[in-house]
Every structure is written in structure tokens, then in C-alpha cells.
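Scroll down for the structure; my scribbles are underneath it.
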Amino acid sequence: MNIKLLISKRIITAMILSGIKEIDCKPQVRQTTKSKFGHYQANGIICLAKKLGKSSIDLAEKIIYHLDLKGIASKVEVAGIGFINIFLDIQWMQKQAKNMLILPKLGITKIKPQTIVLDYSSPNIAKEMHVGHLRSTLIGDAMAHTLEFLGHKVIRANHIGDWGTQFGMLIAFLKRKYNENCATIEILLKDLEECYRKAKYNYETDPVFADLARSYILKLQQGDKNCLALWKKIVDVSLRQYQKIYDRLNVTLTYKDIMGESTYNHMLPEIVDDLKAKGLAIQSQGAIVVILDELKNKEGQPMGVIIQKKDGGYLYSTIDIACAKYRYETLKADRIIYYTDSRQQQHLLQVWNIVRKAGYVPDSVVFEHHIFGMILDKNNNPFKTRSGDTIKLSKLLDEAFRRAYILVKSKNPNIDSNEINYLAESIGISAVKYSELSKNRTTDYVFNWDQMLTFEGNTAPYMQYAYTRLMSIFNKSEININILDADIIITNNQEETLVMYLLQFEEILAQVADNGTPHIMCNYLYQLTSKFSNFYEKCPILVFKDQSIRSSRLQLSVLTSKVLRQGLNILGITVLNIM
């Protein structure tokens, strides 16, 4: 039940009945911060009244006259200069909490599902994944969980960098290094990365090598068998290593989600020909260019986007145009979300502009770029090794395990070796993930080991421990939590506060789904544990003599555990029954 949405729809109906045009019906319903203002408040009447030249209080009273919240609200009042305060009916809240407890998927509202393509993670082949991939991978995966739980069809698109200039350089370097016998050699990813660095240096300093690399790029694009065989070996070595990282991170990306740049290679000649035929692409100094009057460069001139170089090679812009076209025509996407950093913003705007003008993707399909900030060290510099190199993700996760192992061992010196390894991996990896997901994606944040591994505050260890404490209540109760069939009863402020907060879970899901902001879910779960702690302290459960209240409070504990577990699952955080 999305209470905010329910109330908003009812107020909009009342506004229309009050003679207000539908386009102006924006009630701006918010959760209240103080109980004296009720549970929800509509703030949009004041600005609307000013626009219409009417008294905001009179307008609010007129809307209330037409507002039908029978059985939902016990009181609706005008407050201040035209706010509408809504006090929910306690019996209605009790019923909704019970429904949430017993219905599948916590009773969330059925939606009209969309097909949503999520473009995230997207490492570059022949390079190890590094800390810079963390935000895209984790935020994108949390978004996938959220949208699927709400009922959407989610297509994960791991747009790996498996095509382009770097492969010409690598193939040229490997063929020179191994005397053309590349198809039979075994290559490790770390060796490939070193080869890539040397190949890039040669490409930039040796004109003969650069020409050779460019020739291999063209051969690759034209389907040369030997080049394709070596390219496939490079890709396979990389993907095996990436999958190990994804599995360790408890991220749902698999081989079937790979939709690399090479996927669209066969579409590129047709794209260029079609853009030329439509008069959108022209020849300029031997290259094929699309001029965008809508976007300006630093000099205020229309931007030119090259889609084919004068040597016949294609660029990232051409690939991403084909990619957007494919996602609409083949994948039938209604919404396409990209999780990349802000440096890609101008590039994506250019691509989206071209596919709209070419008619490849209609305006009904939504493009979104969910940018994210940087991960910084304690000195607010980009998070790197002491030597200045980018931190490899595998090394980061190893360090998380090591630190969590020490932490668990210090709290339980006699723990079994298998159990400590499992707990250290679960707590360490979850700590890194939760630290990332609990930060607003649009801001930079400082990576802090001590902070993320503490059992205090909004951290993974604290959340995991809070769940185990809830489980201990059920173990002590000796009651099967699946057969609690009594009513939920609200008898005091602590129970009301907890129920109200539990009922807002779907609103949080909707916010995360709309904006791609999992930190809102982290904050919600943390506040939920705080409200449950207050409830548990003030409302005895197992020792309470009244069986109906005892059962009700036990059910609220069960519901809290279900919401907490579901929220952590959505974030991809491992839930532990014992710590």
C-alpha cells in the first residue's frame, strides 16, 4: 500500500470537484515530521491559491469538503495558511499492517509493468575491475532488485568495452610478442593489462606500430577470423575474472547480461547510411559527421558528432546510437537508465539527440542518466594506492575480508574456522556495499574502513546485527511465526509510530525506483531499526500477560523482520541469522 499515492489521488479528485483544472492539481503530499500535524500533509494548496488569486484557507476548506477519505482518515483539518493535515484512522492502519504481514511481497500495489533496461557496471575488457566500477555496479544492481520487486521487467545490460581502438593495439602487440601464435597461448588478465599499457605506449610513440594497430582494428571490424579468435580469447579471459568479482559482491550480473559494444557492430554500416540518407549526416574532411544545432560547443557553435572516421572506422557515438536503437526495437524498452559518471553526460545527450531526430527511439521511451560522484580518500583525493595507481576491486574485497576476520575473531576467539570465514566474507563485503549504497549517488564520499565496519550507526554490521536480534525474539517465543492469525492492535504511541513507518515501505520503494537513489532505502531501514528498538524497550512482548496484545506485538516484530530482510535483499546485503 502506497499511502502517499492513495491520498494524493483522493486529493486530486477533490481538487477537480472543487473546480480546479487537472493540470493545476499538484497536492504535494508529504509525510509529517510531528504528530500534532497528523500523519500526512498536503502543502500544494498555498501556491495554487496564490496563482488563482484566492484565499488559501478557503480553497483548502473547499477541497476538504469534496475529499473522500472515509474509513482511511479519522480527521482532516486545515492548518496554518492552508495546509491540509490528515490523521489516519487507527483501525485502518491496523488492517493495512495485517495485510502487509500476510500478503505476498508485503502487499505492495500491483503496477502496470514496464520493460526497463539498466546499463551498469560496464568494465573495459583486458583490464581488471577497479574501485571506480564499484558505484555503477552496486547502485545499478540495487536498482534492478527494486524494480523487479515492484513488478517491472528488468533487462540488465552489462555494456562492456569489448570493441574499439584498444583491441587493435592489443592484437598488434600480442602478435608481435608471441610471433603470431596467439591462438594457442594462455593469458592471465593481469598479463593482459600489462600488455595493454605497453601497447598503448607503443601506439602513442611509434608511428609504425600505430599504423599496424589501426589496420588490425579495420580487420576486426571486417570480420577477419584470426583477429576475431584472438579478440574472443581476450574477452573470455576478462569475463571469467569479472564474474568472480560479481559473485563475490553478491551482484546478479551474469554472462547472459553481457551486451558489449561488439553486439552492435553489424548495425553500424546501416546506421551511417541511414543517417546520411535522412540528411542528418554529412561528409566533413573525409569523415561522416552529424551536426546538432540543439547542442553548442564552448564557442557557441553547433556540435559536430563524428560517426565514421575517414579511414572507415566507427566511434563510440556510432555504437551507442546503434545500442539505443537496439534497446528500443529489439528489447522493447520503455525506460533506459545509464549508470555512468558525469563525464559521459555530454556524450549521452548527443547520442539521445541523434536517435530522436532519426526516429530510432520515440519520445515515449524515457532516457535517464543516473550520474554518481567519486570515491575519495581521507584527504579528499581520488581513492588510489600509495603509488597513485587505481585500486583493484579484488584487492579491495580481500582487504574487506581481512579486516572483518579480525573483527569477528576479536568478538569470538573460539569460533569455528569455517564459520569465521563465512562471517568475515559476509560482513566484510556487505560493509563495502552498504557504505557505498548509503551515500547519495550524486555526491562524492570518503572511503573509511573504520566507519564502515563499526557496529554502531548506519552500517552493514549494525543492520545485520539488528536482524539477528529480531530473530532471537522468535527463538525465545517458541511460537511458529507462520501461524500468527490474531489481529494487530495499536495500543500506544510506540506501536503507532512503528506501524506507520512500516506502512511507508512501499513509498520508499517508489522513491528509489523513480530516482535511482538506494541511499533512501538505507536511511529508511536504519530508522526502522531505531523505531523498533524504541518499541521493544517500551512495549514488553514475551512477558506481557494479555495474549492478544502479546500476539500483536509479536506480529509487529515479525513484520519488522520481513521488511528489514526484504530491504537488505533489495540492497544485495547478506542477511545473517546469527552473528
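Any idea which residue in the stretch 335-368 is nearest to the chain's Cα centre (by Cα), counting only those that are among the small types (Gly, Ala, Ser) and open to solvent by 20 Å² or more (accessible area, probe 1.4 Å)?
Looking at the filtered set, the residue picked out is Ser342.
Among the residues of the stretch 199-217, are any part of a strand (DSSP E or B) and buried (at least 20 other Cβ atoms within 10 Å of the Cβ)?
no
Please determine whether any residue of the stretch 380-390 is open to solvent by 30 Å² or more (accessible area, probe 1.4 Å) and at pLDDT 95 or above.
No, the stretch 380-390 has no match at all.
Output the number of the condition that Gly373 fails; it satisfies all remaining conditions of (1) open to solvent by less than 30 Å² (accessible area, probe 1.4 Å); (2) at pLDDT below 95; (3) more than 27 Å from Met143 (Cβ to Cβ).
In the conditions (1) open to solvent by less than 30 Å² (accessible area, probe 1.4 Å); (2) at pLDDT below 95; (3) more than 27 Å from Met143 (Cβ to Cβ), Gly373 misses (3) alone.
Name every residue in the stretch 145-159 that is open to solvent by 30 Å² or more (accessible area, probe 1.4 Å) and not in a loop (DSSP other than H, G, I, E, B), in order of residue number.
Across the stretch 145-159, the qualifying residues are His145, Glu148, Lys153.
Part of a loop (DSSP other than H, G, I, E, B) and either open to solvent by 50 Å² or more (accessible area, probe 1.4 Å) or of a type in the set (D, E, K, R) (or both) - does that describe any residue in the stretch 545-566?
Yes, the stretch 545-566 contains at least one residue that is part of a loop (DSSP other than H, G, I, E, B) and either open to solvent by 50 Å² or more (accessible area, probe 1.4 Å) or of a type in the set (D, E, K, R) (or both).
Restricting the search to the stretch 532-565, which residues are of a type in the set (Lys, Arg) and under 26 Å from the mean Cα position of the chain (by Cα)?
Scanning the stretch 532-565 gives Lys562, Arg565.
Any residue at all in the stretch 369-391 that is within 21 Å of Glu294 (Cα to Cα) and either under 19 Å from the mean Cα position of the chain (by Cα) or outside any loop (DSSP other than H, G, I, E, B) (or both)?
yes
Take the conditions within 34 Å of the chain's Cα centre (by Cα) and basic (Lys, Arg) and apply them to Lys298. Does it pass?
Yes.
Residue under question is Asp236, and the condition is that it be under 26 Å from His133 (Cα atoms), part of a helix (DSSP H, G or I) and at pLDDT 95 or above; does it hold?
no
Looking at this structure, is Arg327 under 26 Å from Ile155 (Cβ atoms), open to solvent by less than 50 Å² (accessible area, probe 1.4 Å) and among the charged types (D, E, K, R)?
Considered against the rule, which asks whether it is under 26 Å from Ile155 (Cβ atoms), open to solvent by less than 50 Å² (accessible area, probe 1.4 Å) and among the charged types (D, E, K, R), Arg327 comes out as yes.
Would a scan of the stretch 308-324 turn up a residue that is surrounded by 14 or more Cβ atoms within 10 Å (Cβ to Cβ), under 33 Å from the mean Cα position of the chain (by Cα) and farther than 23 Å from Ile116 by Cα?
yes
Every residue in the stretch 410-446 that is in a helix (DSSP H, G or I) and surrounded by fewer than 20 Cβ atoms within 10 Å (Cβ to Cβ), please.
Listed by number, the residues that qualify are Ser410, Lys411, Ser417, Asn418, Glu419, Ile420, Asn421, Tyr422, Glu425.
What are the residues in the stretch 57-87 that are over 15 Å from Gln31 (Cα atoms) and within 36 Å of the chain's Cα centre (by Cα), if any?
The answer is Leu69, Ile72.
Under 6 Å between Cβ atoms, which residue pairs at least 6 apart in sequence (or on different chains) link something in the stretch 294-313 that is in a strand (DSSP E or B) with a partner that is of a type in the set (Gly, Ala, Ser) and open to solvent by less than 100 Å² (accessible area, probe 1.4 Å)?
So the pair list comes out as Val305/Ser317; Ile306/Ala287; Ile307/Ser317.
Would you confirm, using the coordinates I've provided, whether Leu5 is under 24 Å from Gly71 (Cα atoms) and in a helix (DSSP H, G or I)?
yes
Working only within the stretch 228-282, note down all residues that are acidic (Asp, Glu) and within 30 Å of the chain's Cα centre (by Cα).
Listed by number, the residues that qualify are Asp236, Asp247, Asp257, Glu261.
Among the residues of the stretch 507-517, is any within 25 Å of Met143 (Cα to Cα), in contact (Cβ under 8 Å) with a residue 24 or more places away in the chain and charged (D, E, K, R)?
yes
Among the residues of the stretch 149-165, write down those that are small (Gly, Ala, Ser) and under 30 Å from Arg214 (Cβ atoms).
Ala157, Gly161, Gly164, listed by residue number.
Say we look at the stretch 489-539 and pick out the residues that are aliphatic (A, V, I, L, M) and more than 30 Å from Asp341 (Cα to Cα); which of these is most open to solvent (accessible area, probe 1.4 Å)?
By that ranking, first place goes to Ile489.
Residues are listed down the side, and each one gets a yes or a no for (1) in the same structural domain as Asp444 (by the TED database); (2) at pLDDT 95 or above; (3) acidic (Asp, Glu):
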site: Thr468; (1), (2), (3): yes, no, no
site: Glu496; (1), (2), (3): yes, yes, yes
site: Leu503; (1), (2), (3): yes, yes, no
site: His519; (1), (2), (3): yes, yes, no
site: Leu525; (1), (2), (3): yes, yes, no
site: Lys545; (1), (2), (3): yes, no, no
site: Gln566; (1), (2), (3): yes, yes, no
site: Ile578; (1), (2), (3): no, no, no
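Table: residues versus (1) within 13 Å of the chain's Cα centre (by Cα); (2) over 23 Å from Arg343 (Cα atoms).
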residue	(1), (2)
Gln114	no, yes
Asn124	no, no
Leu138	yes, no
Gly168	no, yes
Ala172	no, yes
Lys175	no, yes
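Report whether or not Lys127 is open to solvent by 40 Å² or more (accessible area, probe 1.4 Å) and out of contact with any Leu (no Cβ under 9 Å at 6 or more places or on another chain).
When the stated conditions are applied, Lys127 does not pass them.
Here are some residues: Tyr501, Tyr536, Tyr524. Which one is touching a Gly at 6+ places or on another chain (Cβ under 8 Å) and either of a type in the set (Gly, Ala, Ser) or not in a loop (DSSP other than H, G, I, E, B) (or both)?
Matching residue, one of Tyr501, Tyr536, Tyr524: Tyr524.
Kindly provide the set of residues from the stretch 266-280 that are open to solvent by 30 Å² or more (accessible area, probe 1.4 Å) and without any contact (Cβ under 8 Å) to a residue 60 or more places away in the chain, ordered by number.
Within the stretch 266-280, His266, Pro269, Glu270, Asp273, Lys276, Ala277, Gly279 meet the criteria.
The values are calculated or read from the model by the stated rules, or taken from the named source; none is laboratory data. Everything numeric here is computed off the predicted structure, so don't read it as measured data. Reconstructed Cβ throughout: ideal geometry from the backbone, glycine too, with neighbour counts over all protein chains shown. With ligands, DNA and RNA removed, areas are computed over all heavy atoms of the protein, side chains included. Shrake-Rupley method; radii C 1.70, N 1.55, O 1.52, S 1.80 Å.
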